[in-house]
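All remarks here apply to the structure that follows.
The values are calculated or read from the model by the stated rules, or taken from the named source; none is laboratory data. Bear in mind the structure is a predicted one, so any value in this text is a computation, not a measurement. Ideal geometry is used to build each Cβ from the backbone, glycine not excepted, and the neighbour counts take in all protein chains shown.
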Amino acid sequence: MNIFDGVALVDSAGVRMRGDVSQIAQNYRPLDSITPEKLFPGHDELRPEAISTLAGTSHILHFAGKAPVTFTFGDSTVTWETAPAANEPFPLGSATYEAVKTRAGLLAATIDHPEGNANIFAVFDLARQRVVMVRTVMMKGTSTVAERTEISEAGIGGPISAPFPATAELVGKRIHWSYGDSHKFEHIYIEPELYCWHGIKGPEANMGAVEPTSVRKIDDDLYLFSWCDRAIPFNGALVIDLKGKPSSAGRLVGWDGGKNRISQVIVGATGELVNVTQY
């Protein structure tokens, strides 16, 4: 078993959940969907430099209503464990990870577990001893793939004392994001749980859609932004920093039908705040 086994993410109708666990999506899509690497070639051009802050550390995470989970980080791998009888979703497992700095005392880690068709994007707020995680699982059927994503939070070393609140602070903002010389997008954050994207340059130029999102506030002008795609089994998770010149860093995950497993691309971007609309 691994960290994602047995996690109940949605109700039987796939309805988004509210509360301590924020459900983003449960999507069933054809197996021949385009992978993030094929859909977003070059998106990693501005990929942030990896840091080793977590290497050699161990953190006990306290999720609400669950037994504590111990995450132990090496140079490039992380292991987790807890009492299986007390917490079935978190018995024992290991995966590769990569961490990047966001702000002082804050870092983001991507934990990739292709053997379990699962991926975590976690923001560690070491200054305030708390973590917020976006967890995506790809579940293969006979001819479809189900993408399931949830957001959960935990305290480090004890119960969380300052939760990561859902926020509408992005609403009304129009930002042009550049992922490098060959990829540019326009994002318009129209509601707390909806945004519109429009391809300006790159393979998705002149394309666009409105997609469901979930946004958590990490700090002043710093947000965890996660979204799913209505057309393919996909989840994106980014840390968006609007202090000074806008920037973002995170990961995109989808399904690789050729390799028959989850697929990941780590990305970074710089932005330009075009305008703000008061709705």
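Filter the range 243-272 for residues that are crowded, with 20+ Cβ neighbours inside 10 Å and among the hydroxyl-bearing types (Ser, Thr, Tyr) and give the result.
Within the range 243-272, 248, 263 meet the criteria.
Kindly provide the set of residues from the range 185-201 that are over 21 Å from residue 121 (Cβ atoms) and surrounded by fewer than 20 Cβ atoms within 10 Å (Cβ to Cβ), ordered by number.
Of everything in the range 185-201, those that are over 21 Å from residue 121 (Cβ atoms) and surrounded by fewer than 20 Cβ atoms within 10 Å (Cβ to Cβ) turn out to be 186, 190, 191, 196, 198, 199, 200, 201.
I'd like the full set of residues that are part of a helix (DSSP H, G or I) and either modelled with pLDDT under 65 or of a type in the set (Asp, Glu) (or both), limited to the range 44-57.
44, 45, listed by residue number.
Is at least one residue of the range 91-110 modelled with pLDDT under 90, buried (at least 19 other Cβ atoms within 10 Å of the Cβ), farther than 26 Å from residue 240 by Cβ and not polar (S, T, N, Q)?
yes
Output the residue which, of all residues in the range 113-171 that are in contact with a Phe, Trp or Tyr (Cβ under 6 Å, 6 or more places away or on another chain), outside any strand (DSSP E or B) and aliphatic (A, V, I, L, M), is surrounded by the fewest Cβ atoms within 10 Å (Cβ to Cβ).
Only one residue fits best here, namely 171.
Any chance the range 58-71 includes a residue that's surrounded by fewer than 22 Cβ atoms within 10 Å (Cβ to Cβ), modelled with pLDDT of 95 or more and of a type in the set (S, T, N, Q)?
Yes - at least one qualifying residue is present in the range 58-71.
Within the set of pairs 6+ apart or on separate chains, which have a first residue in the range 206-218 that is part of a loop (DSSP other than H, G, I, E, B), a second that is surrounded by 15 or more Cβ atoms within 10 Å (Cβ to Cβ), and C-beta atoms under 7 Å apart?
Listed pairs, sorted by first residue: 206/199; 207/199.
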